[in-house]
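Derivation of every value follows stated rules applied to the coordinates shown; laboratory data play no part. Owing to the predicted nature of the structure, the values given are computational and were not obtained by experimental measurement. With ideal geometry, Cβ positions are generated from the backbone for all residues, glycine too; neighbour counts draw on all protein chains shown.
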């Protein structure tokens with residue numbers, strides 16, 4: 001591991017140990033990300049020729065910066081995993097979530113004809129890495145709390161989502177049988193009925209597909225009433241999980257107050 005490699009790693013590392021140069025680098029990347037996301041939005045408008053040319057230059061510059069950054073991060077991977085061999089450390093780094101996001105940020109430029117979708121907006125996901133700039137504990141603790149709640153309530157969430165999905169499927173098949181004969185161009189198959197079921201269960205109600213037969217309208221009323229309660233179940237589970245996590249945090253904080261921060265003995269003894 002060379003001294004230059006260590007210096008570059010300290011400049012682009014993904015933790016809170018930042019100096020002035022690291023903060024300048026992070027700020028530059030954030031500005032470039034925001035410019036690229038704005039560029040994706042502006043490209044949907046009819047721009048004058050000078051704006052199109054400017055957008056093209058910004059794209060070339062951004063791709064050069066993001067490609068160099070990705071290459072440097074792969075090169076410095078042995079500094080992140082010093083216990084592994086350099087080749088293994090680089091392979092391990094490439095398959096990290098944020099590394100995949102970095103790769104997706106530059107792939108649209110190199111393979112535009114293979115993937116006919118503008119993936120540049122994925123660069124906004126790179127902001128997740130740069131949360132370390134905020135230096136405020138509540139941001140990281142809030143993100144950690146969300147992950148903890150989802151892990152603790154995963155089984156309940158999966159069960160509730162499965163029940164809702166099952167009811168959507170059943171109602172979609174029933175609605176198809178009720179409405180296909182009356183509206184063959186609207187309810188052409190079960191997937192059209194499933195779109196109606198999703199819109200009704202979530203109480204969105206777009207109105208592009210709706211029943212006209214008495215049986216279909218009765219089923220629609222029942223599904224609409226069920227949707228009010230069933231779709232709210234996952235929200236209630238997550239809310240309860242947050243309350244439990246908050247109570248556990250308060251209890252842990254109260255327990256810590258009972259001990260002396262210097263000697264570790266209980267203060268109430």
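Highest mean packing first, where packing is the average number of other Cβ atoms within 10 Å per residue, the peptides 96-103, 80-87 line up as 96-103, 80-87. By the count of neighbouring beta-carbon atoms within 10 Å, fewest first, 59, 248 end up ordered 248, 59. Among 194-200, 155-161, the peptide with the highest mean count of other Cβ atoms within 10 Å heads the list, and the full ranking is 194-200, 155-161.
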